[in-house]
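What follows is one structure encoded as structure tokens, with my remarks underneath.
The values are calculated or read from the model by the stated rules, or taken from the named source; none is laboratory data. From a predicted model like this one, the values you see are computed outputs, not experimental measurements. So basically every Cβ, Gly included, is an ideal-geometry build from the backbone, and we count neighbours across all protein chains shown. When the accessible area is computed, the model is the full protein with side chains, heavy atoms only, and any ligands, DNA or RNA have been set aside. Shrake-Rupley method; radii C 1.70, N 1.55, O 1.52, S 1.80 Å.
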Amino acid sequence: MLALIKNKTLWALALIVALSLFALFQRGMGMEATGYHVGEALAPYRAADPQVAVVGIGAADLHKYGPWPWPRSYLAKLVDALSNDKAEVVVLGLDFSAPQNSQALDYLSQIKALAADPDENLQPLNAKIDEAHGALDTDSILTATILRSGHVLLAAPGDAGGTETAPSSDASPSFALQIDASTAPAVELKAPLPLYAHAARGVGYLSEGQGMRELPLLVQSDGHTIASLALLTAAAQEGVDTNTIGTRALGGVTLGSRTIATDRHLQVLLRGGAEATSVPQYSFDDVISGTVQPERLAGKAVLVGLTDGPAPAVLREARLVSGILASDLVSTPFWAWAVRAVLTLLVGLYLMYLMPRLSTMIGIAVSAFLAVVLLNCEYVPLLSQSLWLPLILPVMVLVLGHLVLWTLHYLRERSGVSRTAMSEVNREYGLALQALSRFDQALVRFRQCRPSPQLAENLMSLGQEHERGRRYSQALEVYYFMQQVSPDHPGLADRLEHLRQLESTPTLTRGTTAGTLSRALASGGLQKPMLGRYELVQELGRGAMGVVYLGKDAKIGRQVAIKTMALADEFQGATLKDAHDRFFREAETAGRLNHPNIVTIYDVGEDQGLAYIAMDFLPGDSLQKYTESGALLPMNEAAAIITKIAEALEYAHKHHVVHRDIKPANIMYDRASGRVKITDFGIAALTDLSRTKTGTILGSPLYMSPEQVAGNKVDGRSDLYSLGVTFYQLVRGELPFEAPSLTGLLFKITNEPHPDVTFLRPDIPPALKVIVDKALDKDPDKRYQTGMEMANALRSFVGTRKRAG
């Protein structure tokens, strides 16, 4: 490919680029961290170990009990409560490095010394001083509780930044381990007070850093080896003596009879994101008040800490404990960085010596193959063996080096290459684009080539590729250009005639997809394509599972909307038969509905590989048009619309039909006539089947009820919840629940209360708030039980507004 690049300047430039890339990626691990994130996303879900739980001190607790820090007597009550609940290990992930109320206690001691008079009149004063001293000495209260419990672990908070030194002349901390872990990271610790350290079962290091990926199991502090809080917790939970904790020469920490794989610095990586290994959480107040059932905490390692803030350390530590107990951690072997350096060097040698001797196509293929091999070497061990090999650097050097060298070649070619040589370059480039399925760009390159037998064969191959993909218009475009290159090419005339007939055929062959019908409509032929007995006029829109056309009933001349669904594209095997039967069964059920606010279904059938429903064609727009803040309907008008929909749902539910996908996009409204109609009855059930097949939600999760999100059986009250969400959006111009991820959205729907509809909207009356709140109640038994009940409430609201006006 780069045979023309021979001078020393270009070689030096290529070498400088490679070395610069190496230095850049050696300095920072941003791309490697991104590569690890990708591996996390590919990893299967793993539940947290059931032996771990968290008692969090969150915003609600701080609001109730006062700002942090609390009197340590509060924590003593919590330790007693957890002991009563039979928790196996209690871990206090808090800072106990300084005494509490020390100045007040000093004052009390001085006052008592002054009041040390045998006079009986001072006895009440002495008693009160003793009482105050006992109440303020919260350190003694908590210490006594820790001693009484006998299974409390304490944190020694700290962060990276210490220096590796020899053991100090001072005696080692009582909680230091007598093992050699010189490769462990050095940290600066805030050790708990000696009275706490002696009372606790153990003290372990707790990182205060945020957003950390690599977490140490052992650390060095002032030359002494300290175990992490998570490692001590796992040892206590498993009943393993801390004397069995040791290290391996090339990375690894022993705990009893098993070895935990680590990198050379005795660090591990957490598997998955924050939600992938979530640990059960309970609030401080719930545990203290006895709301949490004892069996939820019995026998578990319970970690206590602050959860009010970003990336709480206690949650990260709980995930680390879970990973140790479940043997579900990721490690970087000691040889990974050497492999990374060697592979990067080999990639550089390939770019410098081998790639210049390859043709364009072979060079692209070899580089692509090497990139795939490198990525597999990173992700296969990560997913199968929990080993992380950071190989993004050689991949980036390969890709960017290839692009740089190809750019140099291109500039050199453009500066003085012959037209014939440039034509050959464009032809090979077009073949590469065709191999990558970028067919339109490939044709652009072929158009820049000189006519030749090879080019004619390449064009014939490209046209056949389009035919196999039923892209007939694109195939015709290729063959028309081929007529200019080689008009007498064998088989060209027959292919052109066949494609022209196919394009002009109004009724297409069985197996035709909705996309082919749309192309036939766009061709502008005199005869329109047929679907069943309906002549298709134009495409109206596309949904998640099909295309909607405007059709004309050839027998009676009535305009209809025809919704098509390519069931064979969505389902296979036994599922396809189930979907086929359910489609017609649901459509037949919906077709029996006869209500002025429900769209009328005229026909259902199957033709040309497409299942279809012919229904009333409705003028106007969907309510989606009126959900933006600048296009909201008057409040009375919106309430009147929802009243009609509620009445229609009352009728459907009495006929045992649940819609399952009520949303603004499925409600048509003609403002000129005031007509309102619900569409897509019978389609949502098929969407549910598709969700079951794929394991994902294909419906409209923004409008789903909590029971529908949870996968429970739904009834008409679920439709009323979705209608409540629609009403909320019509009057507010925004949805009650939104989140950047699907998981976050579903969590909000099932767990969080909806925002007050009147917030920042003083014009929304309290009566409307009452209606919305009841419709959006997470408990179906507390919502409106029927559509008529909701309609009556709305009608009363509108009537009151009119009388007041």
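Could you pull the accessible area for H265 with a 1.4 Å probe, rounded to 10 Å²?
About 80 Å², ignoring ligands and nucleic acids.
First select every other residue whose beta carbon is under 14 angstrom from the beta carbon of V314; then total the charges, Lys and Arg +1, Asp and Glu -1.
-3
In Å², what does the accessible area per residue of region 169-268 work out to with a 1.4 Å probe?
About 42 Å² of surface per residue is accessible.
Length gain on complete extension for the stretch D621 to L349, per 0.36 nm per residue less the alpha carbon to alpha carbon distance?
Here the answer is 91.7 nm.
Hey, any idea what % of region 751-805's accessible area is carbon plus sulfur with a 1.4 Å probe?
59 percent
Calculate the all-directions average of the projected area of region 330-447's alpha-carbon convex hull, and give it in nm².
Over all viewing directions, region 330-447 projects a mean Cα-hull area of 8.4 nm².
Name the residues whose placed amide hydrogens come within less than 5 Å of the amide hydrogen of G541, ignoring near sequence neighbours (fewer than 5 apart) on the same chain.
V548
Ignoring everything but the protein chains, give the 1.4 Å probe accessible area of Y353 in square angstrom, nearest 10.
130 Å²
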